[in-house]
1. Give me the net charge for the shell around P107: Cβ to Cβ below 13 angstrom, other residues only, Lys and Arg +1, Asp and Glu -1.
2. Full extension from D216 to T168: what is 0.36 nm times the residue separation minus their Cα-Cα distance, to one decimal in nm?
3. Do you know the relative contact order of the stretch 93-290, to the nearest whole percent, from alpha carbon pairs under 8 angstrom that are 6+ apart?
4. Under 13 Å from the Cβ of K308, count the other residues' Cβ atoms, weight Lys and Arg +1, Asp and Glu -1, and hand me the total.
5. Counting only residues 5 or more places away or on other chains, whose amide H sits under 5 Å from the amide H of D102 once H atoms are built in the peptide plane?
6. For T231 and D102, compute 0.36 nm times the residue count separating them, minus their Cα-Cα distance, and round to one decimal in nm.
7. Using 0.36 nm per residue of separation minus the Cα-Cα distance, give me the extension gain between D184 and K246 in nm, one decimal.
8. For K114, give me every one of the aspartates and glutamates with a C-alpha distance below 19 angstrom, ignoring sequence neighbours fewer than eight places off in its own chain.
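FYI, it's all coordinate maths here, none of it is from the lab. Only a predicted model underlies this, so the values are computations on that prediction, with no experimental measurement involved. Here Cβ is always computed from backbone atoms with ideal geometry, including for glycine, and neighbour counts include all displayed protein chains.
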Amino acid sequence: MEKVKPNIVIALMIAAGVSISLASQAASYNPVTQKAQLKLAQLGFDPGTTDGILGRHTIAAIKAFQKKSGLPETGALDSATQAKLAIGAPAPQVAQVTTVIDWRPVPTQDELDKLVANPANDSNFPYTDYRPDAPAANLDLPGAAILAAMNNSADTYGSRPPGQPKHTGEGYKYMTGCLTTGYDSTFWSDITFHYYCQMSLPRKCYTYALAGKSKDGIKYPRPAAYQVCATGKLPESPDFVAFVPKTQPQVFQYVMFGQTNAFNHEQEQAIINAFYGVKNPTDPKECRLKRPLRTEDPTDGTHCLANKTMKTQLVGKGT
C-alpha cells in the first residue's frame, strides 16, 4: 500500500481542523459572527441573514473576503480575519445584561423622519430595510428611556408579573398572550416584543393596522401604521392616541420601526432583564421564574442571555 506523504497528512489534518472549527462556530448565535456579518455586508460581501450564526452564506462571504485580503480561504473567523475586518471581541455579556444606560439619546422626530424616509432595501440604510436577508444595523438603544417607557406602560395597564406593584390579572394575561402570538413573531426583535406587549389597549390599533384587520382593510407598513393610529384615522385609534403620542412617541417609533436584526442584542437583553428584575441572567431558575417567554424563546432558562439559541430563527420581512 502506497504511503501517504507527510505534507498531504498535514493538509488533511488542517482541513479537518477547519471543518471541526466551522461546525462548532455554526452551532449557535455568536456576537463575533454577527459583527463579522455586519462588516461583510458593509463591504459588499453578502453574508445572508445577519443572525450571528455561521451558515453557508456567511462562510462563502468570509472566503470571498479572505481571498480579496490575501488571507487563507478557510471560511473561519480566525484572528487574522477578525483583524482585517476590524472587529474586536464582544463585550462581556453577563456584565451588561443587567446594566441599563442610554447608549444613545432618544432620537428627535426629525431624525426618525429621516430614518424612515430613506429608500427601503438600500444597504446604506438598513434601519428601514425589511428584506428577509437584510443587513442588520446593530443600532444602539436609548436604554434608560425605553425602560422608563416600559415601566410607564406596565403601571398603566397592569401588565407586570404577579407579586409586583400594580399587577392585574387581565393586564398580565394580555401581555403574556402578546408575547406568544403567532402573528409575525419571527419578524420582531426581543426588545420590540417586550416593549410593545406592555400596552394592552394602545397596541390594538397598531396591530390591526399592520394586519389589515381594521375597517379599511389596508395592511400598513410600520411607519404608516403609527401615523394612522396617532392621527385618529382608524376606529381603534382612541386608546392609542390617549397614551402613545402623549407619553412616548419617539421611543415607540424607534423601537417599533427597526427591522428584526436592527438592535444591539446585548443592549436589548439588558433592558428586558432589568424590567423583569432578573439579577443573574446566567441562572436558568431565576430566568424561568421572572421572565416570561416569547414564542421563539428556548425553554431551558437561557432566554435571559444575549447568546441564547432561539427555537425558530428570527428573520426580516419584506414590505
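1. Computed value for this residue: -3.
2. Numbers: separation 48, 0.36 × 48 = 17.28 nm, distance 3.30 nm.
Going from the current span to full extension adds 14.0 nm.
3. 31
4. Details: positive: R288, R291, R294, K311; negative: D51, D190, E266, E268, E296, D297, D300.
With Lys, Arg at +1 and Asp, Glu at -1, the neighbours total -3.
5. Residues meeting the criterion, in which the H sits 1.01 Å from N, are G143, A144.
6. Values: separation 129, 0.36 × 129 = 46.44 nm, distance 2.89 nm.
Roughly 43.6 nm would be gained on extension.
7. Numbers: separation 62, 0.36 × 62 = 22.32 nm, distance 2.70 nm.
Computed gain between D184 and K246 is 19.6 nm.
8. Within the straight-line limit of under 19 Å, K114 reaches these aspartates and glutamates: D122, D129, D140.
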